[in-house]
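Trainee: Below you will find the structure I want to go over with you.
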Amino acid sequence: MDQARNTRLTQVGPGTPGGAVMRQFWQPIALVEEFDPAVNPAMHLRPLKAVRALGQDFVLFKDIQQGADAYALLDRHCAHRGADLAFARFETDGDQVGVRCPFHGWKYAGDGTCLETPAEPTGSTLCQRVRQGSYPTAVHAGVVFAWLGSANSTPPLFPKLDCYQAAASHSFAFKGLWQCNWLQAFEVGIDPAHPSFLHRFLHDVNLDDTGSNAAGKQFRSAAAGQVAGERWPMSRVMRELCQPEIQVAPKDYGMQLTALRALNPASEQAKVTHTRITHAVFPHTFIIPLSETLSITQMHLPVDDTHTYWYSVFTSTGEPIDHAAMREQRVRHTHLPDYAPKSGQHNQWGFNAEEQRSRTYLGMGEDDINVHDQWAVEGMGAIQDRTAEHLGASDIAIAHYRRWLLSAMSLLEAQPSTPLAEVAAQGALAIAPKPFDGFR
Ligand code: FES
Ligand SMILES: [Fe+2]
């Protein structure tokens, strides 16, 4: 790949082709829990925070006039002379909830209406000619989403994924900050070969000890089904069968990836094939199985070109989720309120050479496999240099996905008013995967 194409694939700011694609889809910008005073006591006094998405800066606050679950998103810099509204006064007194800029007192409602310009002469109508940029928001599955499309454009319908349909008792959302471009973060999820290496455990644990805590013990519990009456730990499936057959099929939501691992190819008895399906939902979401009843829907918000927040919604089709336990497992490895992982480049992601020699393939811990993926994508550098890579046949989904993203950019450039999310939902964006050709 040449540098120009890598740049095109990875830029997300205003005015870039990739940014235009992203602005055609709802973007996750905060967890609802970030506004919970029990999580962040500062929210008790002032439920407002600065957020950054697609290279733009905003303030997000609870628009309590519109309802208990309503959020307002405004441009971060005041329309008057650009002061930082992250430090705005949050006003609930008077008849209008809003934020007031501390520089000269201009006040804005959640929809961006300018309510007051108190330093202007009495009778001034300046207020009526000023508007602070504002953006629609929506809350689903414990996540606040924003529509950052151009002014007066209509947001697309929200995608009907299982995680958004599930009852609150059966879903749980969390997020984490990675120091890298969104595309390399996303690409780890559409790479079915990597768990056999990156997440490899050199020994299996007794399946009777793994319990039902699939979210806390990824790749430790039993794979579905049996081989000659024997249950296989996922860790054995991944370790012993590291050349999955990978199939890519275009779908109306994106693409389906199927990784097949034959468990007993030489057996005279019934053949058993381990099947692991990943759904890639355009433009930056994947859905992967964690157990027979638990899945992760993971979105990758491009904060800017060199930072990404992954947002995961765990969804159970079986028992309700133990939210407190699930949250404790994540928070243990995370700094709040920024949701930055405690491990990272500063401590070599917790690397331990002895562990690498004797217990895991990577050597970065056995409890939290998220740090494995974090190392893989952050260790590449903030923006992976794709001019120096050598894709193989096992990278077919990644090669396909890049083509698809580039074609969406070209479509928007040719016809800027194309409702990309609608086109994608109708399957008209999906392109058939080409045979692997090394992606030149
Ligand atoms: S810069 Fe905000 S009121 Fe003047
Ligand atoms: Fe992974």
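The values are calculated or read from the model by the stated rules, or taken from the named source; none is laboratory data. Here the structure is a predicted model, which is why all the values come from computation and not from measurement. Because the Cβ atoms are built from the backbone with ideal geometry, glycine has one as well, and the counts that use them run over all protein chains shown. We work out accessible area using only protein heavy atoms, side chains counted, and drop any ligands, DNA or RNA first. Shrake-Rupley method; radii C 1.70, N 1.55, O 1.52, S 1.80 Å.
Trainee: Let me know the volume per residue of the alpha-carbon convex hull for the stretch 136-231, in Å³.
Mentor: 183 Å³
Trainee: Do me a favour and compute the ellipsoid semi-axes for the stretch 229-273 from its Cα gyration tensor, root of five times each eigenvalue, largest one first, whole Å.
Mentor: Taking √(5λ) for each Cα gyration eigenvalue gives 25, 12, 10 Å.
Trainee: Another question, if that's okay. Quick check on my link table: of Lys175/Lys342; Lys49/Lys342; Lys160/Lys342; Lys160/Lys271; Lys49/Lys175, which ones sit more than 24 Å apart, alpha carbon to alpha carbon?
Mentor: Lys160/Lys342; Lys160/Lys271
Trainee: Given a cut-off of under 8 Å on Cα pairs at least six residues apart, what relative contact order in percent is computed for the chain?
Mentor: 18 percent.
Trainee: I'd like the Kirkwood hydrodynamic radius of the stretch 174-300, using the inverse of the mean 1/r over distinct C-alpha pairs, in Å.
Mentor: Answer for the stretch 174-300: a Kirkwood hydrodynamic radius of 15.7 Å.
Trainee: Over 39 Å, how big is the tail of the calculated P(r) for the chain, in percent of all Cα pairs?
Mentor: Value for the chain (Cα pairs over 39 Å): 25 percent.
Trainee: Which of these, Gln96, Gln11, Gln298, has the largest mean-square fluctuation under a Gaussian network model of the chain (Cα springs below 10 Å)?
Mentor: Gln96
Trainee: Ratio of alpha-carbon Rg to the 2.2 N^0.38 Å globular estimate for the stretch 281-440, to two decimals, please.
Mentor: Against the empirical 2.2 N^0.38 Å value, I get 1.24 for the stretch 281-440.
Trainee: Next question, about the same structure. Between Gln128 and Phe158, how high is the FRET efficiency from 1/(1 + (r/R0)^6) when r is the Cβ-Cβ distance and R₀ = 41 Å? Nearest 0.05.
Mentor: That pair, Gln128 with Phe158, gives E of 0.80.
Trainee: Running a GNM on the chain with Cα contacts under 10 Å, which residue among Arg81, Arg330, Arg231 ends up with the highest mean-square fluctuation?
Mentor: Greatest mean-square fluctuation among the candidates belongs to Arg81.
Trainee: Give me the distance in nm between label points sitting 7 Å out from Cα along the Cα-to-Cβ direction at Ala324 and Leu45, one decimal.
Mentor: Computed distance between label sites Ala324 and Leu45 equals 2.9 nm.
Trainee: Per residue, how large is the accessible surface of the chain? Use a 1.4 angstrom probe and give square angstrom.
Mentor: 46 Å²
Trainee: Summarise the accessible area of the chain (1.4 Å probe, protein heavy atoms) by the percent that is carbon and sulfur.
Mentor: 51 percent
Trainee: Here's a follow-up. If you look at just the Cα atoms of the stretch 168-425, how large are its Rg and its Dmax in Å?
Mentor: Values for the stretch 168-425 (Cα only, Rg and Dmax): 18.8, 58 Å.
Trainee: List, largest first, the extents of the alpha carbons of the stretch 1-71 along their principal axes, each in whole Å.
Mentor: Projected onto the principal axes, the Cα atoms of the stretch 1-71 cover 50, 22, 15 Å.
Trainee: Rule-of-thumb check for the stretch 19-167: C-alpha Rg over 2.2 N^0.38 Å?
Mentor: So the Cα radius of gyration is 1.08 times the expected 2.2 N^0.38 Å.
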